[in-house]
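Below: the structure, in structure tokens.
Taken together, the values in this text are just the output of simple stated rules run on the coordinates, not laboratory data. Just so it is clear, the structure is predicted and the values come from calculations on it, not from any experiment. In this analysis, Cβ positions are derived from the backbone assuming ideal geometry, glycine residues included, and neighbour counts consider all displayed protein chains.
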Amino acid sequence: MTTSGRLGLQRTVGVLIFGTASAGAGLLWWSVSDTDDKAPESTDGIVLGAWHLLYDNEIPALTTLAAAAGLALLFAAGVALLERRITNRARRSDDAGRLPLSPRHVMAQTRGQFHGEATLTVLVPAHNEGQCIADTLASLFEQSYPPKRVIVVADNCTDDTIAVAVRAGAEVIESRDNVHKKAGALNQALAQVLPGQGENDLVMVMDADTSLDAGFLEAVVRRMSGDRALMAIGGMFYGEDGKGLIGQFQRNEYTRYARDLRRRRGRVFVLTGTATAFRPRALRTIAEERGKMLPGVPGDVYDTLVLTEDNEITLALKTLGGLIVSPAECTVVTEVMPTWRGLWVQRLRWQRGALENLGTYGMRPATFRYWAQQLGIGYGVIALLAYLLMMTLMTLSFDAWVWFPFWLGTGLVFTAERILTVWRGGWRARLLAATLFPELFYALFLDIVYLKGIVDMSVGRTATWQEVVQTPTRRKVAA
């Protein structure tokens, strides 16, 4: 993109944000200035013969709708404006002490130097993954751009993981006296691998239950070669086939997340552990800043005290000013949980880990968006619980079901949004989205997990890493 084109895009984004904020402020001002003293007519209904519920069977007042829309627009525009300002300042900074991985600083240091052709070393951390690691390694060796080295990091394995990896043609590094799970095993492997890595010798970390599309590594090398300031590229992940209804719930969720990333042009929230490629400069800088700008043990790349090392290393890179993306051409297929218990364990660890990471990093420019997201999730929990409660109370209050045209129309718009956002997932995804209420109850399940994480943190319960035994499923990479 030319300089003029880039400036034009920036102006367009600025105009959109300013226009959204102006519209929100205008609606909010009009709703406040146009109020009157007339109280809405309400009907007093009896609930279960004991409770009384005030409900209004008419469309909300125009001023009420305007106030709601105005507040939503102002909040959205405010978050977008602050995120854009923080991102631009980080990209333009040349303060090596505060942002050692900022694009401007990295570009200045590497200008006019050729560091050779890009190579790829892939680390696959594995603990008893003998049933699925063969598929993972096959997807690596079948890449259009083959990796220079594929290393399985075997951590306290008691099954045939090592034998399967060797038969598939991979190198093996076994962890020694590791009690820190995946993060500890990766730190041991990186201590051996990083010293021999040059500026263009990329290191990718990939889960042992993941399959890459055939052009994943080629796309990574192309993007990294074309942008010296890019510090990491994460995969855009989709759920594997199978596992029944609970599997489809997760596939719909992942499809919507991938859609959000495409709309953000790859500006990623979290570098997924399914597959992420790093520049050695990024990993070395993180290790150097542990105990200084970053939490953790000095010299460690991954923080061994966290539940979600992928989320933490994302925050670390953003804190140091690193540029990271998840481009649409880098897709992977990952596991979905086969049971509700397994899903509960996984999501509780994710949510608890994300909250603990934010608590460790505190409020700083790199974490602003994440704090806003957590507040949004908290509000969403309250809103969904209130909606389901009011639906239940209304059903119990009326002798016969009453159709309210306004709320029916609102529901149809919401249903259409649910269908369109999973359209790429196929007819099963669209059918599940069209039924609406099953996905609402899936969202309620995730909300309860969120609340459990909040309660556990509030009462000081110690978090533990629980593993879920998986059954292998034939994986098909999404188009």
*Just how far, in whole angstrom, is the stretch 71-124 from the stretch 407-461 if you go by their alpha carbon centroids?*
33
*Give, as a single signed number, the net charge of other residues whose beta carbon lies under 14 Å from the beta carbon of residue 359, with Lys and Arg counted +1 and Asp and Glu -1.*
-2
*Lysine pairs within the stretch 116-479, Cα separation less than 27 Å, 8 or more sequence positions apart or different chains*: 15
*Between the stretch 242-267 and the stretch 165-200, what is the C-alpha centre distance in whole Å?*
30
*Given a cut-off of under 8 Å on Cα pairs at least six residues apart, what relative contact order in percent is computed for the stretch 142-259?*
24
*For a quick protection proxy, order the peptides 114-121, 376-383, 101-108 by their average other-Cβ count within 10 Å, most packed first.*
101-108, 114-121, 376-383
*asked:* Among 130-142, 430-442, how do they line up by average Cβ neighbours within 10 Å per residue, starting with the highest?
replied: 130-142, 430-442
*Going by how many other Cβ atoms sit within 10 Å of their own, how do 231, 394, 204, 457 line up, fewest first?*
457, 394, 204, 231
